[in-house]
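Inspection log for the structure reproduced underneath, given as C-alpha cells.
The values are calculated or read from the model by the stated rules, or taken from the named source; none is laboratory data. Only a predicted model underlies this, so the values are computations on that prediction, with no experimental measurement involved. Counting neighbours? That spans all protein chains shown, and the Cβs are built from the backbone with ideal geometry, glycine included.
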Amino acid sequence: METNWNVLYTRSRCEKKVAALLSKRGIENFCPLNRVVRKWSDRHKLVFEPLFSSYVFVRPNLEDVFRITQITNDIVNFVYWLGKPAIVKESEINNIKAFLNAYSNVKLEKSDIRVSDNVRIISGPLMNRQGSVTSINSNKVRLAIPSLGYLMTAETNVSNVSILNTVYRTDQLVS
C-alpha cells in the first residue's frame, strides 16, 4: 500500500535540520531547496534555501506517524486541512522536484485562483465579463500546485517553452 505525502510544520529556519534528522531515522522526506545567488560586498555565492518556509514534506508509514513529532522540538506538528492531515499528491511532489531542477531563483506567490478556474472580472474595461483563467505572461513560466495554493514562478525566455496542446475557443469571454 502506497503512503501519502504529508506536510510538517517546523520552527522557523529549521527545515534543513528537520529533513536531515528524518533521513537519519529512515523516514522518507523532501525539503525543496531553491538555488539562489546571494550578494555580499565582496562576493557572490550560490546558496540553497528552503522553498517553502517552515514546511517539510514527509511520507511516513503508520508506525512513523506517531513518533515523528517526538524526534525533535524543531517539528511543531503536522499541517492539518479540514481536521485531517494535509495530503500532497505524488505528482505534485514530482512537479516541484522537476521545476527546481530546471530553474533557480524560484519565487512563490500565494494564489487562490488556479488555471482553468472560471472567473468574473470585477473592475476595469472588461468589468462583469466571465472567462477562464489562463497563464500567459511574457517571459514567465508558471507551475500551479493546487493542493498547496501556490504558484511557482521563474523567469525564462519564451523560446524555451513549447505548446503541447492548443485549443482555440471563441467563447472565452462571455458578456
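Observations, loosely collected:
- Candidate set: region 96-111, residues that are more than 15 Å from C31 (Cβ to Cβ) and either in a loop (DSSP other than H, G, I, E, B) or polar (S, T, N, Q) (or both); chosen: the one nearest to the chain's Cα centre (by Cα): S111
- Top-ranked residue of region 61-91 - restricted to ones that are part of a loop (DSSP other than H, G, I, E, B) and in contact with a Phe, Trp or Tyr (Cβ under 9 Å, 6 or more places away or on another chain), ranked as surrounded by the most Cβ atoms within 10 Å (Cβ to Cβ): A86
- Within region 33-52, none of the residues are within 13 Å of the chain's Cα centre (by Cα) and in a helix (DSSP H, G or I).
- Just one of the numbered conditions (1) at pLDDT 95 or above; (2) aliphatic (A, V, I, L, M); (3) surrounded by fewer than 17 Cβ atoms within 10 Å (Cβ to Cβ) is not true of V56: (3).
- Residues satisfying the stated conditions in region 63-83, i.e. farther than 24 Å from L33 by Cβ and over 20 Å from the mean Cα position of the chain (by Cα): E63, V65, F66, R67, Q70, G83
- Residues in region 56-87 that are in contact with a Leu (Cβ under 7 Å, 6 or more places away or on another chain) and within 23 Å of N101 (Cβ to Cβ): V56, V58.
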